[in-house]
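One structure is given below, encoded as C-alpha cells.
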Amino acid sequence: MKYKAQRGTQDVLPSTAYRWQNLERTFSELVHQYGYQEIRTPIFEDTDLFIRSSGETSDIVSKQMYSFLDKGERSITLKPEGTAPAMRAVIENSLCPPGTVQRLYYITPIFRYERPQKGRYRQAHQVGLELIGSASSTADAEVIEITVRFYEALGIKNVQVLLNTLGRSECRAKYRDAILEYAQPYLKDQPEEVRAKAEKNPLRLLDSKDPEVQEALKGCPPVTDYLEDESKRRFDELQALLTEAKVAYVISPDIVRGLDYYTETVFEVQSTSIGAQSALCGGGRYDDLIQELGGASTPSVGVAMGIERALMVQEAEGIEIDEPKPDVFVVSAGPSTARATRELVTTLRNNGYATLLDIDARSMKSQLKQADKSGARYAAILGDDELANGTVTLRDMGSSEQRSVPLSEIVSVLKK
RNA sequence: GCGGAUGUAGCUCAGGGGUUAGAGCGCCUGACUGUGGCUCAGGAGGUCGUGGGUUCAAGACCCAUCUUCCGCCCCA
C-alpha cells in the first residue's frame, strides 16, 4: 500500500529545505530589525471568523475555504490567510490596547480549496507582518518598505510594487455604485451569475482579465475621483514616503484585492519571472477589521508573502543558496581503528565541526567517495599507521593536499 | 469549478497488441591489497499511477479514477 500526501500539498525535500530555511531566516532577521515579534496561532479557526472578516465577498471567499464539520458538528476552517487569525488573537489577548502600537509577524501554513497547479497549492505557506494600532501613512510605508527589502535580501530582481488606494468605506461605496452604473451597458446582456458577482463587488470588474470586461470599462473614472480629501492626502503622503525610502512603485487602479476588509492602501508585488501565478504577496490597510471581529476600533496595516512563490522566483532567476556542507568526513581503516574513529568524530563535533563518518564498514575508497559526495571540506583519515604513531592524515578535498597532523592538535590545525 | 495534456528504474525519457520491459545519468562492486573526481568491466534496482474491461495475449486498446503540468478562474 502506497500512502500519498493530500492532493495539492508538496513534500519539502532535503534538496530544497535549505532554501526554505534561508528564506525564513532572512525574513525573521529582517523584521527583527524593524522590531516585529513573532505570533503563532492555530491552523484551525471557526468558519465564522473568516466569513465575518471577509465582508461582502464572503461567498467567493468561502468557496475557496477549506471548511468541514468536526466531530461536534461545528464548522471548522483551516486558515486561508494569516491576518484574521492574528487579529482574533490580538483581540482575545488584548495585545494592542487602545492608544498603543503592536508589531507582529508570523510564518504559517495556509489552506485553500482550489484546483492545484504550479505555484498554487491547497496547503501553502506564508510569512507575514501586521502593524497594528496606527492610522499613519508612515505605517503603510514601513510595511511596504520591509516587503521590498525582503525580496531584495532574497536576491529577487524582476519585481514590481503595484500600489492603489480604495479610500475609506464611505467613498468606496460611492465608487462601487459609479462602476456599476458605468458597466450597465455591458452587464445587462450578461447571464445572471455574472451580474450577481459584479453587484456583490463591482471593484472586481476592474481587475478582470476578460478582454470584453476590460473593453466595457475602458474610460471608467479612477477611484481617485471619488476619494475624500483626507484619503487623497494620505495617498500622496505615502507616495512621498516611498520615494524618500527609494522604494519604486507603480500606481495600479486595477489592484483591488480579493478580501473585502481592505481600506485605503492596497498593494501587491508581482514577478515577471514566473507564469500565471505571478503575485508574490498582497497587503494593505484594514482599519475596520478588528472592530468587525469584536475588538476596539484599531487601524492597522499588513502584508502576507507566499513562501512557495518566492522560492519559485528564486529558482527561475537562478539564485544560488549555499547548501550546508559538513566540515570533516572521518575515514576509518576498519575494525581496528573504529573506536579511535568514533572518539575523533566526537571530539570534532564537540568543537563545533559538522562531522560525518562511514557507518557501513565500507572500503577506504568508498569512504573517500562518500566524503566527496557529502561536500565535506576535509577528509580526516585514521588508519592503522596513523593510530600507531598518534596522528591523523588531513586531506583537503578541494586541493587534494594531505598532511600528517598529531591527533591531539587536529582541532587547532582545523581552526586555521 | 472549466478546458487541454501527462504518468514506464532514484532522475530524464524510449518502447504504440506478441518470449524473461530498455537507454543515458545516478547508485553498488571490482580493475586499483590504505585514498574521491577520469576510464573500463560487472551488478542491484520496475505491482509500466490505480481499479475495471476488450483480447488466445495489454506497458500499449476502451472506461473510470487519481497525480502532475499548461491555460482559464482565483490568488500566496
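The values are calculated or read from the model by the stated rules, or taken from the named source; none is laboratory data. Note that the coordinates shown come from a computational prediction; the quantities given were computed from them, not determined experimentally. Note that each Cβ is placed from the backbone with ideal geometry, even for glycine, and that neighbours are counted across all protein chains shown. Ligands, DNA and RNA are stripped out before the accessible areas are found, and what is left, the full protein with its side chains, is counted by its heavy atoms. Shrake-Rupley method; radii C 1.70, N 1.55, O 1.52, S 1.80 Å.
If you model chain A as an ellipsoid using its alpha carbon gyration tensor, with each semi-axis the square root of five times an eigenvalue, the axes come out at 54, 23, 21 Å, biggest first. Applying 0.36 nm per residue to the separation of A:Glu315 and A:Arg40 and subtracting their alpha-carbon distance, the gain on full extension is 96.1 nm.
Based on the alpha-carbon gyration tensor of segment A:267-395 and its eigenvalue square roots a ≥ b ≥ c, which shape applies: rounded if a/c is under 1.5, prolate if not and a/b is larger than b/c, or oblate? It is prolate, given that a/c is not under 1.5 and a/b is the larger ratio. Taking all Cα pairs closer than 8 Å and separated by 6 or more residues, the relative contact order of segment A:85-232 comes to 17 percent.
Specify the residue with the greatest mean-square fluctuation among A:Val405, A:Val256, A:Val213, computed from a Gaussian network of chain A linking alpha-carbon atoms under 10 Å apart. Sorting by GNM fluctuation, first place goes to A:Val405. The loop-placed GluC sites (Glu not before Pro) in segment A:80-150, going by DSSP, that have at most 16 neighbouring Cβ atoms within 10 Å of their Cβ come out as A:Glu114. In a simple Cβ point-charge model (Lys, Arg +1; Asp, Glu -1; nothing else charged), segment A:1-153 has a dipole of about 840 debye relative to its Cα centre. Which of A:Leu227, A:Ala216, A:Ile251 sits closest to the plus end of the dipole of segment A:204-253, meaning its Cα is farthest towards the positive end, when Lys and Arg get +1 and Asp and Glu get -1 on the C-beta? Working it through, the farthest residue towards the positive pole turns out to be A:Ile251. With the charge dipole of segment A:8-115 set up from +1 on Lys and Arg Cβ and -1 on Asp and Glu Cβ about the Cα centre, the Cα lying farthest toward the positive end among the listed residues A:Val101, A:Phe50, A:Gln33 is that of A:Gln33. Here's the picture: charge each Lys and Arg Cβ at +1 and each Asp and Glu Cβ at -1 in segment A:144-294, and of A:Val194, A:Leu162, A:Thr147 the one pushed furthest to the positive end of that dipole is A:Thr147.
Using the Kirkwood formula over every pair of different C-alpha atoms, what hydrodynamic radius in Å results for segment A:342-385? Result for segment A:342-385, one decimal place: 11.2 Å. Only the Cβ atoms of Lys and Arg (+1) and of Asp and Glu (-1) were treated as charged; on that basis the dipole of segment A:177-296 about its Cα centre amounts to roughly 380 debye. A 1.4 Å probe run over the protein chains yields, for chain A, 52 Å² of accessible area per residue, whole-number rounding. Working note: Debye formula, equal point scatterers on the alpha-carbon atoms of segment A:15-132, no solvent; log10 I(q)/I(0) at q = 0.13 Å⁻¹ is -0.60. For segment A:197-350, the ratio of Cα radius of gyration to the globular rule of thumb 2.2 N^0.38 Å stands at 1.77.
When the Cα atoms of segment A:77-157 are aligned to their principal axes, the ranges along those axes come out at 44, 36, 16 Å in descending order. Averaging Cα coordinates gives a centre for segment A:220-285 and one for segment A:293-327; these two points are 19 Å apart.
Per residue, the convex hull around the alpha carbon atoms of segment A:72-227 comes to 203 Å³. The accessible-area ordering, largest first, of the residues A:Arg112, A:Arg168 stands as A:Arg168, A:Arg112, per a 1.4 angstrom probe. When the surface is traced with a 1.4 Å probe over the full set of protein chains, A:Met364 keeps roughly 80 Å² accessible.
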